[in-house]
1. With 24 Å as the limit, write out which pairs from K90/K483; K64/K387; K66/K146; K215/K268; K90/K291 have Cα-Cα distances beyond it, or answer none.
2. So how much slack lies between D157 and R407, counting 0.36 nm per residue of separation and subtracting their Cα-Cα distance, in nm?
3. Whole angstrom only: what separates the Cα centroid of segment 32-60 from the Cα centroid of segment 228-290?
4. In the chain, what percentage of the DSSP-assigned beta bridges are antiparallel, given to the nearest 5?
5. Sorting K146, K66 by accessible area (1.4 Å probe), largest first, what list results?
6. Using a 10 Å cut-off on Cβ atoms, rank the peptides 241-248, 58-65, 100-107 from the highest mean neighbour count down.
7. Taking amide H atoms as placed 1.01 Å from N in the peptide plane, list the residues 5 or more away in sequence, or in a different chain, whose amide H sits under 5 Å from that of G333.
8. Mind checking which aspartates and glutamates have their C-alpha under 14 Å from K26, skipping anything on the same chain fewer than 8 residues away?
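The values are calculated or read from the model by the stated rules, or taken from the named source; none is laboratory data. The model shown is predicted, which means the values in this text are computed figures rather than measured ones. Cβ sites come from the backbone with ideal geometry, for glycine too, and all protein chains shown count toward neighbours. These area figures cover heavy atoms from the full protein model, side chains too; ligands, DNA and RNA do not enter into them. Shrake-Rupley method; radii C 1.70, N 1.55, O 1.52, S 1.80 Å.
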Amino acid sequence: MKDISIENGIMAIDMEKPSLNANLIKKYHQDLVYNYAEYPTCDHWSYNFTSEDYKNSLVKWLKKNKEEPIFFYVHTPFCEELCYFCTCSKIITKNYETVKDYLYTYLFKEIELLFNILNENEIRLNVKTVYFGGGSPTIYTKEDLKNLVDKLKGLFDFSNVGYFTIEIDPRRVDADRLLYNHKSCGANRLSFGLQDFDPIVQRRVNRIQPQEIFKEILTKEVREAYKTIAFDLLIGLPGQTQETIAKTCDQIVELRPTIIQLSLMAYKPWVAKYQIKMLEEGPLPDFFERKVLLDVINQKLVKAGYLRVGFECYALPDETMTQAYREGTAHYGASGHQTGGRVNFVAVGSSAKGNLGNEYYSQSFYDLRSYKECLDNGVFPTFRGMKLSKDDKIRQYATQQLRSYFRLDFKQFERNFRIIPKEYFSNEIEFLDEMINDGLVTLSNDGIEMTELGRDFSQYITNVFDIYDPPTKSYNARLATIKRAKLTEANAGTNS
(Lines give C-alpha, C1' and ligand atoms only; values in the text may rest on other atoms or scores of the structure.)
Protein backbone atom coordinates (compact mmCIF):
# COMPACT_ATOMS: atom_id res chain seq x y z
CA MET A 1 0.00 0.00 0.00
CA LYS A 2 1.36 3.42 -0.91
CA ASP A 3 0.67 7.08 -0.25
CA ILE A 4 0.99 9.75 -2.91
CA SER A 5 2.56 13.18 -2.60
CA ILE A 6 3.47 16.02 -4.94
CA GLU A 7 7.08 17.20 -4.90
CA ASN A 8 8.18 19.91 -7.32
CA GLY A 9 5.18 19.15 -9.49
CA ILE A 10 6.04 15.45 -9.72
CA MET A 11 3.82 12.77 -8.26
CA ALA A 12 5.81 10.71 -5.76
CA ILE A 13 4.86 7.53 -3.93
CA ASP A 14 5.56 7.33 -0.21
CA MET A 15 6.21 3.67 0.64
CA GLU A 16 5.79 4.27 4.37
CA LYS A 17 2.11 5.34 4.46
CA PRO A 18 -0.30 2.64 3.30
CA SER A 19 -3.49 4.03 1.76
CA LEU A 20 -3.56 3.06 -1.92
CA ASN A 21 -2.83 -0.25 -3.61
CA ALA A 22 -1.58 0.43 -7.12
CA ASN A 23 -1.61 -3.26 -8.03
CA LEU A 24 -5.30 -3.64 -7.19
CA ILE A 25 -6.19 -0.48 -9.10
CA LYS A 26 -4.31 -1.74 -12.15
CA LYS A 27 -5.74 -5.24 -11.79
CA TYR A 28 -9.39 -4.20 -11.75
CA HIS A 29 -9.15 -1.23 -14.07
CA GLN A 30 -11.47 -1.18 -17.10
CA ASP A 31 -11.28 1.34 -19.92
CA LEU A 32 -15.07 1.51 -20.08
CA VAL A 33 -17.08 1.43 -16.87
CA TYR A 34 -20.76 1.90 -16.17
CA ASN A 35 -22.45 4.07 -13.56
CA TYR A 36 -25.52 1.78 -13.46
CA ALA A 37 -27.92 4.68 -13.06
CA GLU A 38 -30.05 2.26 -15.09
CA TYR A 39 -29.83 -1.48 -15.63
CA PRO A 40 -29.73 -2.66 -18.32
CA THR A 41 -27.70 0.33 -19.47
CA CYS A 42 -29.46 2.41 -22.12
CA ASP A 43 -27.24 1.22 -25.00
CA HIS A 44 -29.09 -2.09 -24.74
CA TRP A 45 -32.61 -0.65 -24.91
CA SER A 46 -34.70 -1.40 -27.97
CA TYR A 47 -35.11 1.12 -30.79
CA ASN A 48 -38.31 -0.69 -31.74
CA PHE A 49 -39.94 0.54 -28.53
CA THR A 50 -42.43 3.04 -29.97
CA SER A 51 -44.62 5.89 -28.81
CA GLU A 52 -47.53 3.45 -28.62
CA ASP A 53 -45.45 1.05 -26.52
CA TYR A 54 -44.62 3.88 -24.14
CA LYS A 55 -48.25 5.00 -23.87
CA ASN A 56 -49.49 1.47 -23.21
CA SER A 57 -46.79 0.71 -20.64
CA LEU A 58 -47.40 4.04 -18.90
CA VAL A 59 -51.13 3.46 -18.55
CA LYS A 60 -50.78 -0.20 -17.59
CA TRP A 61 -48.18 0.45 -14.90
CA LEU A 62 -49.84 3.52 -13.40
CA LYS A 63 -53.24 1.83 -13.20
CA LYS A 64 -51.64 -1.01 -11.28
CA ASN A 65 -49.53 1.28 -9.07
CA LYS A 66 -51.74 4.33 -8.45
CA GLU A 67 -50.28 5.17 -5.04
CA GLU A 68 -46.62 4.73 -5.97
CA PRO A 69 -44.56 7.92 -5.50
CA ILE A 70 -43.53 9.56 -8.76
CA PHE A 71 -40.32 11.42 -9.55
CA PHE A 72 -41.33 13.95 -12.21
CA TYR A 73 -38.36 15.02 -14.32
CA VAL A 74 -38.35 17.97 -16.74
CA HIS A 75 -35.46 18.33 -19.19
CA THR A 76 -34.35 21.65 -20.66
CA PRO A 77 -31.58 21.01 -23.22
CA PHE A 78 -30.15 24.54 -23.54
CA CYS A 79 -26.92 26.10 -22.28
CA GLU A 80 -25.40 29.44 -23.22
CA GLU A 81 -21.84 28.13 -23.21
CA LEU A 82 -20.17 24.77 -23.89
CA CYS A 83 -18.32 22.98 -21.06
CA TYR A 84 -15.73 20.69 -22.66
CA PHE A 85 -16.22 17.88 -20.12
CA CYS A 86 -19.97 17.59 -20.72
CA THR A 87 -21.58 14.53 -22.33
CA CYS A 88 -25.12 15.52 -21.34
CA SER A 89 -27.76 16.16 -23.98
CA LYS A 90 -27.65 19.90 -24.62
CA ILE A 91 -27.85 22.62 -27.26
CA ILE A 92 -25.64 25.68 -27.04
CA THR A 93 -27.52 28.86 -27.88
CA LYS A 94 -27.82 32.51 -26.90
CA ASN A 95 -31.03 32.88 -28.92
CA TYR A 96 -33.75 33.00 -26.28
CA GLU A 97 -36.49 32.72 -28.90
CA THR A 98 -35.26 29.16 -29.51
CA VAL A 99 -35.64 28.45 -25.79
CA LYS A 100 -39.15 29.94 -25.66
CA ASP A 101 -40.24 27.97 -28.72
CA TYR A 102 -39.09 24.74 -27.05
CA LEU A 103 -40.85 25.62 -23.81
CA TYR A 104 -44.22 26.90 -25.00
CA THR A 105 -44.66 25.13 -28.34
CA TYR A 106 -43.20 21.70 -27.57
CA LEU A 107 -42.51 21.01 -23.90
CA PHE A 108 -45.98 22.26 -23.00
CA LYS A 109 -47.41 20.16 -25.84
CA GLU A 110 -45.71 17.02 -24.49
CA ILE A 111 -46.94 17.75 -20.97
CA GLU A 112 -50.49 18.21 -22.28
CA LEU A 113 -50.27 14.99 -24.32
CA LEU A 114 -49.12 13.09 -21.25
CA PHE A 115 -51.82 14.37 -18.91
CA ASN A 116 -54.60 14.08 -21.50
CA ILE A 117 -53.85 10.36 -21.72
CA LEU A 118 -53.67 10.06 -17.94
CA ASN A 119 -56.98 11.89 -17.54
CA GLU A 120 -58.64 9.69 -20.17
CA ASN A 121 -57.65 6.69 -18.06
CA GLU A 122 -58.60 8.34 -14.76
CA ILE A 123 -55.01 8.32 -13.51
CA ARG A 124 -53.70 10.94 -11.09
CA LEU A 125 -49.96 11.08 -10.57
CA ASN A 126 -48.80 10.88 -6.97
CA VAL A 127 -45.84 13.20 -7.53
CA LYS A 128 -43.51 13.40 -4.53
CA THR A 129 -40.41 14.81 -6.24
CA VAL A 130 -39.98 17.35 -9.03
CA TYR A 131 -36.61 17.81 -10.69
CA PHE A 132 -35.69 20.37 -13.38
CA GLY A 133 -32.50 19.31 -15.13
CA GLY A 134 -30.58 20.05 -18.30
CA GLY A 135 -28.80 21.57 -20.00
CA SER A 136 -29.55 24.39 -17.70
CA PRO A 137 -33.04 25.29 -16.44
CA THR A 138 -31.55 28.59 -15.24
CA ILE A 139 -31.64 29.70 -18.87
CA TYR A 140 -35.35 30.49 -18.37
CA THR A 141 -36.42 33.97 -17.31
CA LYS A 142 -38.24 34.27 -14.00
CA GLU A 143 -41.58 34.57 -15.76
CA ASP A 144 -41.06 31.59 -18.03
CA LEU A 145 -39.85 29.37 -15.20
CA LYS A 146 -42.93 30.30 -13.15
CA ASN A 147 -45.19 29.61 -16.14
CA LEU A 148 -43.67 26.11 -16.40
CA VAL A 149 -44.21 25.50 -12.68
CA ASP A 150 -47.78 26.85 -12.86
CA LYS A 151 -48.45 24.53 -15.79
CA LEU A 152 -47.50 21.54 -13.66
CA LYS A 153 -49.41 22.83 -10.62
CA GLY A 154 -52.56 22.72 -12.71
CA LEU A 155 -52.03 19.05 -13.53
CA PHE A 156 -51.05 17.37 -10.25
CA ASP A 157 -51.22 18.19 -6.55
CA PHE A 158 -48.08 20.20 -5.86
CA SER A 159 -48.82 20.22 -2.12
CA ASN A 160 -47.72 16.57 -2.05
CA VAL A 161 -44.30 17.42 -3.50
CA GLY A 162 -41.69 17.08 -0.78
CA TYR A 163 -38.61 17.79 -2.89
CA PHE A 164 -38.35 20.26 -5.77
CA THR A 165 -34.86 20.60 -7.24
CA ILE A 166 -33.69 23.03 -9.89
CA GLU A 167 -30.21 22.49 -11.32
CA ILE A 168 -28.29 25.76 -11.10
CA ASP A 169 -25.56 27.26 -13.26
CA PRO A 170 -24.00 29.63 -10.66
CA ARG A 171 -22.74 31.91 -13.44
CA ARG A 172 -26.30 32.71 -14.54
CA VAL A 173 -28.05 33.54 -11.23
CA ASP A 174 -27.85 35.80 -8.21
CA ALA A 175 -29.25 35.43 -4.69
CA ASP A 176 -32.45 37.25 -5.64
CA ARG A 177 -33.11 34.75 -8.42
CA LEU A 178 -32.66 31.82 -6.06
CA LEU A 179 -35.04 33.38 -3.57
CA TYR A 180 -37.56 33.98 -6.37
CA ASN A 181 -37.32 30.32 -7.40
CA HIS A 182 -38.14 29.37 -3.81
CA LYS A 183 -40.83 31.93 -2.95
CA SER A 184 -42.64 32.11 -6.29
CA CYS A 185 -42.02 28.62 -7.70
CA GLY A 186 -41.63 26.45 -4.58
CA ALA A 187 -38.14 25.08 -5.19
CA ASN A 188 -36.58 23.80 -1.97
CA ARG A 189 -33.43 22.02 -3.16
CA LEU A 190 -30.45 23.41 -5.08
CA SER A 191 -28.08 21.40 -7.24
CA PHE A 192 -25.00 23.29 -8.42
CA GLY A 193 -22.69 22.26 -11.24
CA LEU A 194 -19.49 23.03 -9.34
CA GLN A 195 -17.07 20.51 -10.94
CA ASP A 196 -13.81 22.11 -9.68
CA PHE A 197 -12.53 25.40 -8.22
CA ASP A 198 -8.99 25.39 -9.59
CA PRO A 199 -8.61 28.27 -12.10
CA ILE A 200 -6.41 26.27 -14.49
CA VAL A 201 -8.82 23.35 -14.50
CA GLN A 202 -11.73 25.72 -15.05
CA ARG A 203 -9.98 27.37 -17.99
CA ARG A 204 -9.16 24.03 -19.60
CA VAL A 205 -12.77 22.87 -19.41
CA ASN A 206 -14.18 26.29 -20.42
CA ARG A 207 -16.15 26.87 -17.23
CA ILE A 208 -14.93 29.84 -15.20
CA GLN A 209 -16.73 30.07 -11.83
CA PRO A 210 -14.53 30.99 -8.86
CA GLN A 211 -15.54 30.35 -5.28
CA GLU A 212 -16.50 34.02 -4.85
CA ILE A 213 -19.56 33.50 -7.06
CA PHE A 214 -20.89 30.87 -4.67
CA LYS A 215 -20.16 33.06 -1.65
CA GLU A 216 -22.17 35.89 -3.18
CA ILE A 217 -25.26 33.84 -4.02
CA LEU A 218 -25.36 31.49 -1.01
CA THR A 219 -26.50 34.18 1.39
CA LYS A 220 -28.02 33.59 4.82
CA GLU A 221 -31.50 34.04 3.32
CA VAL A 222 -30.82 31.51 0.56
CA ARG A 223 -29.51 28.95 3.04
CA GLU A 224 -32.63 29.39 5.18
CA ALA A 225 -34.83 28.87 2.12
CA TYR A 226 -33.04 25.77 0.84
CA LYS A 227 -32.40 23.04 3.37
CA THR A 228 -30.57 20.93 0.78
CA ILE A 229 -27.71 22.46 -1.20
CA ALA A 230 -25.90 19.96 -3.40
CA PHE A 231 -22.56 20.44 -5.18
CA ASP A 232 -21.42 18.28 -8.11
CA LEU A 233 -17.70 17.48 -8.08
CA LEU A 234 -16.22 15.94 -11.22
CA ILE A 235 -13.15 13.71 -11.04
CA GLY A 236 -10.70 13.25 -13.93
CA LEU A 237 -10.67 16.79 -15.34
CA PRO A 238 -7.55 18.11 -17.07
CA GLY A 239 -5.07 19.70 -14.69
CA GLN A 240 -6.45 18.09 -11.54
CA THR A 241 -3.73 17.03 -9.12
CA GLN A 242 -3.64 15.96 -5.52
CA GLU A 243 -2.81 19.52 -4.50
CA THR A 244 -5.53 21.20 -6.58
CA ILE A 245 -8.26 18.79 -5.51
CA ALA A 246 -7.26 19.21 -1.86
CA LYS A 247 -7.64 22.99 -2.20
CA THR A 248 -10.97 22.57 -4.00
CA CYS A 249 -12.18 20.39 -1.13
CA ASP A 250 -11.11 23.04 1.40
CA GLN A 251 -13.09 25.65 -0.56
CA ILE A 252 -16.13 23.36 -0.72
CA VAL A 253 -15.96 22.70 3.03
CA GLU A 254 -15.81 26.46 3.63
CA LEU A 255 -19.07 26.87 1.63
CA ARG A 256 -20.65 23.98 3.57
CA PRO A 257 -23.09 22.40 1.09
CA THR A 258 -25.29 19.74 2.66
CA ILE A 259 -24.55 17.18 -0.09
CA ILE A 260 -21.54 16.61 -2.33
CA GLN A 261 -22.10 14.34 -5.32
CA LEU A 262 -19.04 12.92 -7.06
CA SER A 263 -18.81 11.69 -10.63
CA LEU A 264 -15.97 10.25 -12.67
CA MET A 265 -15.69 12.27 -15.86
CA ALA A 266 -16.67 10.24 -18.91
CA TYR A 267 -14.22 10.86 -21.75
CA LYS A 268 -16.15 9.94 -24.89
CA PRO A 269 -14.74 11.76 -27.91
CA TRP A 270 -16.76 9.44 -30.16
CA VAL A 271 -19.87 11.02 -28.59
CA ALA A 272 -18.56 14.54 -27.95
CA LYS A 273 -15.65 15.40 -30.26
CA TYR A 274 -15.06 18.73 -28.53
CA GLN A 275 -13.75 16.85 -25.47
CA ILE A 276 -10.43 16.58 -27.33
CA LYS A 277 -9.93 20.29 -26.55
CA MET A 278 -9.26 19.34 -22.92
CA LEU A 279 -6.06 17.57 -24.00
CA GLU A 280 -4.44 20.58 -25.69
CA GLU A 281 -2.17 21.30 -22.70
CA GLY A 282 -1.62 17.74 -21.55
CA PRO A 283 -3.34 14.42 -20.82
CA LEU A 284 -6.20 13.74 -18.46
CA PRO A 285 -5.50 12.08 -15.11
CA ASP A 286 -5.12 8.34 -15.67
CA PHE A 287 -7.01 5.64 -13.78
CA PHE A 288 -4.46 5.53 -10.96
CA GLU A 289 -4.31 9.31 -10.57
CA ARG A 290 -8.12 9.44 -10.43
CA LYS A 291 -8.05 6.96 -7.56
CA VAL A 292 -5.54 9.20 -5.81
CA LEU A 293 -7.90 12.16 -6.24
CA LEU A 294 -10.82 10.15 -4.84
CA ASP A 295 -8.71 9.17 -1.85
CA VAL A 296 -7.85 12.81 -1.13
CA ILE A 297 -11.52 13.82 -1.43
CA ASN A 298 -12.61 11.06 0.93
CA GLN A 299 -10.05 12.03 3.56
CA LYS A 300 -10.87 15.75 3.30
CA LEU A 301 -14.64 15.41 3.42
CA VAL A 302 -14.75 12.80 6.18
CA LYS A 303 -12.41 14.93 8.29
CA ALA A 304 -14.77 17.88 7.72
CA GLY A 305 -17.71 15.93 9.12
CA TYR A 306 -19.32 14.59 5.95
CA LEU A 307 -20.51 10.98 5.87
CA ARG A 308 -20.20 8.72 2.86
CA VAL A 309 -23.77 7.73 2.01
CA GLY A 310 -23.16 6.11 -1.37
CA PHE A 311 -20.31 5.50 -3.78
CA GLU A 312 -20.64 9.01 -5.21
CA CYS A 313 -22.31 10.85 -2.34
CA TYR A 314 -21.22 12.60 0.86
CA ALA A 315 -23.70 14.32 3.17
CA LEU A 316 -23.78 16.14 6.48
CA PRO A 317 -25.06 14.09 9.44
CA ASP A 318 -28.39 15.97 9.68
CA GLU A 319 -29.10 15.87 5.92
CA THR A 320 -32.20 13.96 4.78
CA MET A 321 -29.93 11.94 2.48
CA THR A 322 -28.02 10.64 5.50
CA GLN A 323 -31.25 9.64 7.19
CA ALA A 324 -32.47 7.92 4.01
CA TYR A 325 -29.20 5.98 3.71
CA ARG A 326 -29.50 4.76 7.29
CA GLU A 327 -33.17 3.83 6.86
CA GLY A 328 -32.63 2.06 3.54
CA THR A 329 -34.73 4.56 1.56
CA ALA A 330 -31.92 6.13 -0.50
CA HIS A 331 -31.67 5.34 -4.17
CA TYR A 332 -29.06 5.81 -6.89
CA GLY A 333 -30.48 6.69 -10.30
CA ALA A 334 -30.29 8.97 -13.31
CA SER A 335 -30.34 12.11 -11.12
CA GLY A 336 -27.70 10.84 -8.71
CA HIS A 337 -28.43 9.79 -5.15
CA GLN A 338 -31.97 10.62 -4.07
CA THR A 339 -34.17 10.05 -1.04
CA GLY A 340 -37.53 8.29 -1.04
CA GLY A 341 -36.62 4.75 -1.99
CA ARG A 342 -37.12 3.21 -5.41
CA VAL A 343 -37.58 5.94 -8.01
CA ASN A 344 -40.40 5.83 -10.54
CA PHE A 345 -39.50 8.39 -13.19
CA VAL A 346 -42.06 10.06 -15.38
CA ALA A 347 -40.02 12.37 -17.61
CA VAL A 348 -40.70 15.02 -20.23
CA GLY A 349 -38.39 16.91 -22.57
CA SER A 350 -35.92 15.94 -25.26
CA SER A 351 -33.63 13.02 -24.27
CA ALA A 352 -35.50 12.58 -20.95
CA LYS A 353 -35.44 9.06 -19.49
CA GLY A 354 -38.43 7.42 -17.83
CA ASN A 355 -38.37 4.47 -15.47
CA LEU A 356 -41.64 2.83 -14.41
CA GLY A 357 -40.87 0.71 -11.37
CA ASN A 358 -38.81 -2.27 -12.42
CA GLU A 359 -41.00 -2.89 -15.46
CA TYR A 360 -40.08 -0.41 -18.21
CA TYR A 361 -37.52 2.10 -19.40
CA SER A 362 -38.07 4.76 -22.04
CA GLN A 363 -36.22 7.71 -23.51
CA SER A 364 -37.22 10.59 -25.77
CA PHE A 365 -35.34 11.65 -28.90
CA TYR A 366 -32.15 13.61 -28.34
CA ASP A 367 -32.33 15.79 -31.43
CA LEU A 368 -34.89 18.58 -31.43
CA ARG A 369 -36.00 17.94 -34.99
CA SER A 370 -37.20 14.42 -34.20
CA TYR A 371 -38.58 15.49 -30.82
CA LYS A 372 -40.65 18.28 -32.37
CA GLU A 373 -41.83 16.20 -35.33
CA CYS A 374 -43.30 13.55 -33.03
CA LEU A 375 -45.18 16.12 -31.00
CA ASP A 376 -46.42 17.88 -34.13
CA ASN A 377 -47.91 14.50 -35.10
CA GLY A 378 -49.52 14.06 -31.69
CA VAL A 379 -47.36 11.15 -30.51
CA PHE A 380 -44.81 10.77 -27.72
CA PRO A 381 -41.22 11.48 -28.87
CA THR A 382 -40.06 7.98 -27.90
CA PHE A 383 -36.56 7.15 -29.16
CA ARG A 384 -35.99 3.83 -27.39
CA GLY A 385 -37.15 1.79 -24.43
CA MET A 386 -37.28 -1.62 -22.84
CA LYS A 387 -39.59 -4.00 -21.02
CA LEU A 388 -37.53 -5.78 -18.40
CA SER A 389 -37.39 -9.56 -18.09
CA LYS A 390 -37.41 -11.25 -14.70
CA ASP A 391 -33.63 -11.61 -14.86
CA ASP A 392 -33.31 -7.90 -15.75
CA LYS A 393 -35.39 -7.00 -12.68
CA ILE A 394 -33.28 -9.17 -10.39
CA ARG A 395 -30.02 -7.75 -11.70
CA GLN A 396 -31.40 -4.22 -11.73
CA TYR A 397 -32.13 -4.61 -8.03
CA ALA A 398 -28.63 -5.99 -7.46
CA THR A 399 -26.93 -3.06 -9.19
CA GLN A 400 -29.09 -0.53 -7.34
CA GLN A 401 -28.35 -2.07 -3.95
CA LEU A 402 -24.62 -2.21 -4.61
CA ARG A 403 -24.50 1.38 -5.85
CA SER A 404 -26.74 2.72 -3.09
CA TYR A 405 -25.64 0.67 -0.06
CA PHE A 406 -22.46 -1.25 -1.01
CA ARG A 407 -24.15 -4.59 -0.25
CA LEU A 408 -26.64 -7.26 -1.28
CA ASP A 409 -29.02 -8.61 1.34
CA PHE A 410 -29.92 -12.18 0.35
CA LYS A 411 -33.14 -12.15 2.38
CA GLN A 412 -34.41 -9.20 0.35
CA PHE A 413 -33.89 -11.18 -2.87
CA GLU A 414 -35.68 -14.19 -1.42
CA ARG A 415 -38.59 -11.99 -0.34
CA ASN A 416 -38.80 -9.86 -3.51
CA PHE A 417 -38.07 -12.44 -6.21
CA ARG A 418 -38.56 -15.88 -4.65
CA ILE A 419 -35.05 -16.98 -5.55
CA ILE A 420 -32.15 -18.49 -3.62
CA PRO A 421 -29.47 -15.84 -4.24
CA LYS A 422 -26.46 -18.07 -3.66
CA GLU A 423 -27.75 -20.40 -6.35
CA TYR A 424 -29.01 -17.73 -8.72
CA PHE A 425 -25.74 -15.80 -8.53
CA SER A 426 -23.48 -18.84 -8.27
CA ASN A 427 -21.37 -17.82 -11.28
CA GLU A 428 -21.07 -14.25 -10.02
CA ILE A 429 -20.09 -15.42 -6.54
CA GLU A 430 -17.44 -17.67 -8.05
CA PHE A 431 -16.11 -14.69 -10.02
CA LEU A 432 -15.99 -12.68 -6.77
CA ASP A 433 -13.59 -15.18 -5.16
CA GLU A 434 -10.57 -13.20 -6.28
CA MET A 435 -12.08 -9.94 -5.04
CA ILE A 436 -12.80 -11.63 -1.71
CA ASN A 437 -9.16 -12.75 -1.52
CA ASP A 438 -8.05 -9.21 -2.36
CA GLY A 439 -10.09 -7.80 0.51
CA LEU A 440 -12.66 -5.93 -1.60
CA VAL A 441 -15.74 -8.01 -0.76
CA THR A 442 -17.00 -10.26 2.02
CA LEU A 443 -19.45 -13.13 1.53
CA SER A 444 -21.66 -14.58 4.25
CA ASN A 445 -24.91 -16.51 4.49
CA ASP A 446 -26.67 -13.15 4.80
CA GLY A 447 -25.26 -11.49 1.73
CA ILE A 448 -22.41 -9.78 -0.07
CA GLU A 449 -20.83 -6.59 1.26
CA MET A 450 -18.05 -4.34 0.05
CA THR A 451 -15.27 -3.59 2.50
CA GLU A 452 -14.06 -0.04 3.10
CA LEU A 453 -11.36 -0.70 0.50
CA GLY A 454 -13.86 -2.32 -1.85
CA ARG A 455 -16.19 0.67 -1.85
CA ASP A 456 -13.75 2.51 -4.10
CA PHE A 457 -14.09 -0.37 -6.57
CA SER A 458 -17.88 -0.22 -6.51
CA GLN A 459 -18.32 0.11 -10.27
CA TYR A 460 -16.18 -2.94 -11.01
CA ILE A 461 -17.84 -5.06 -8.33
CA THR A 462 -21.28 -4.06 -9.61
CA ASN A 463 -20.21 -4.96 -13.14
CA VAL A 464 -19.89 -8.60 -12.05
CA PHE A 465 -23.71 -8.78 -11.94
CA ASP A 466 -24.19 -7.29 -15.42
CA ILE A 467 -25.15 -10.02 -17.88
CA TYR A 468 -25.03 -7.67 -20.89
CA ASP A 469 -21.54 -6.24 -20.32
CA PRO A 470 -19.82 -8.63 -17.90
CA PRO A 471 -16.17 -8.14 -16.84
CA THR A 472 -15.15 -10.79 -19.37
CA LYS A 473 -16.50 -8.73 -22.28
CA SER A 474 -13.69 -7.06 -24.20
CA TYR A 475 -13.18 -3.32 -24.50
CA ASN A 476 -13.71 -3.47 -28.26
CA ALA A 477 -17.01 -5.33 -27.87
CA ARG A 478 -18.23 -2.81 -25.30
CA LEU A 479 -17.19 0.09 -27.48
CA ALA A 480 -18.92 -1.43 -30.50
CA THR A 481 -22.21 -1.54 -28.57
CA ILE A 482 -21.87 2.12 -27.61
CA LYS A 483 -20.96 3.17 -31.15
CA ARG A 484 -23.95 1.31 -32.60
CA ALA A 485 -26.23 3.15 -30.19
CA LYS A 486 -24.61 6.49 -31.09
CA LEU A 487 -24.99 5.76 -34.82
CA THR A 488 -28.67 4.90 -34.34
CA GLU A 489 -29.15 8.15 -32.48
CA ALA A 490 -27.47 10.12 -35.28
CA ASN A 491 -29.48 8.35 -38.00
CA ALA A 492 -32.73 8.98 -36.10
CA GLY A 493 -32.04 12.69 -36.29
CA THR A 494 -31.00 12.59 -39.95
CA ASN A 495 -33.96 10.57 -41.17
CA SER A 496 -36.69 12.40 -39.30
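1. In this structure, K66/K146; K215/K268; K90/K291 exceed 24 Å between Cα atoms.
2. Stretched out fully, the D157 to R407 stretch lengthens by 86.4 nm.
3. If you average the Cα positions of each part, the centres end up 29 Å apart.
4. Just about 50 percent of them are antiparallel.
5. Sorted descending by solvent-accessible area, the residues read K66, K146.
6. Packing order, densest peptide first, comes out as 241-248, 100-107, 58-65.
7. Hits under the 5 Å cutoff: Q338.
8. Partners found: D286, E289, D438, D456.
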